[in-house]
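Just below is one structure, and these are the notes that go with it.
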Amino acid sequence: MFAILRRYVVAAFVVAAMSSIALAQVVDRVEGEVRRVNEAEGKVTLRHGPLPNLDMPAMTMVFTARDPSILKDVKVGDKVNFVTENSNGVFYVLEIVKPK
C-alpha cells in the first residue's frame, strides 16, 4: 500500500518539476532583434527588451551561443524570441527562434 502511494507521490513531484521547468522557459523567453551574427566565434548581438532572469533593462548586447549551431538560421534584422542565462559572468543565449 505505502509503496503504491509513494510511487504516486514521486510521480506527482516529477510532473510538477517538469511543469515548472517548462513554465520558466516560457517566462524567460524575450523578444529581440538580431543586430550581428558571428558564427565563427559563436556570438550574436541582440537588441532586446528587459531580461528579468538577468535583472537587466532593455539594451543591445553580445551573447555567446551555448550551442553555436543555433545561429545558423538567424540573420541581421530578424525578429527573434530567445532564452538567456548568466554563467560565471558569461551571458549565453540558450535558444533563439524566429516567431511564426
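Answer yes or no: is there a residue in the stretch 60-68 that is open to solvent by less than 40 Å² (accessible area, probe 1.4 Å) and assigned to a loop (DSSP other than H, G, I, E, B). No, because not a single residue in the stretch 60-68 is open to solvent by less than 40 Å² (accessible area, probe 1.4 Å) and assigned to a loop (DSSP other than H, G, I, E, B). Restricting attention to the stretch 51-67, the residues that are modelled with pLDDT of 95 or more and more than 13 Å from the chain's Cα centre (by Cα) add up to 6. Which of the residues belonging to the stretch 77-99 are surrounded by 15 or more Cβ atoms within 10 Å (Cβ to Cβ) and of a type in the set (A, V, I, L, M, F, W, C)? The answer is VAL80, PHE82, VAL83, PHE91, VAL93, LEU94, ILE96.
Looking only at residues in the stretch 43-56 that are part of a loop (DSSP other than H, G, I, E, B) and open to solvent by 80 Å² or more (accessible area, probe 1.4 Å), the one that is nearest to VAL97 (Cα to Cα) is PRO50.
State yes or no: is GLY32 small (Gly, Ala, Ser) and surrounded by 12 or more Cβ atoms within 10 Å (Cβ to Cβ)? Here the answer is yes, as GLY32 does meet what is asked. Among residues of the stretch 17-46 that are closer than 19 Å to THR64 by Cβ, those with a Cβ under 8 angstrom from a residue that is modelled with pLDDT of 95 or more and among the small types (Gly, Ala, Ser), sequence gap 6+ or separate chain, pair up as GLU33/GLY77; VAL34/GLY77; GLY42/ALA65; LYS43/ALA65; VAL44/ALA65; LEU46/GLY32. Among the residues of the stretch 76-100, those that are free of Cβ contacts under 8 Å to residues at least 12 places away in the same chain and assigned to a loop (DSSP other than H, G, I, E, B) comprise ASN88, GLY89, LYS100.
The values are calculated or read from the model by the stated rules, or taken from the named source; none is laboratory data. It should be emphasised that the depicted structure is a prediction, and the values quoted were computed from it without experimental measurement. With ideal geometry, Cβ positions are generated from the backbone for all residues, glycine too; neighbour counts draw on all protein chains shown. Only protein heavy atoms, including side chains, enter the accessible area calculation; ligands, DNA and RNA are left aside. Shrake-Rupley method; radii C 1.70, N 1.55, O 1.52, S 1.80 Å.
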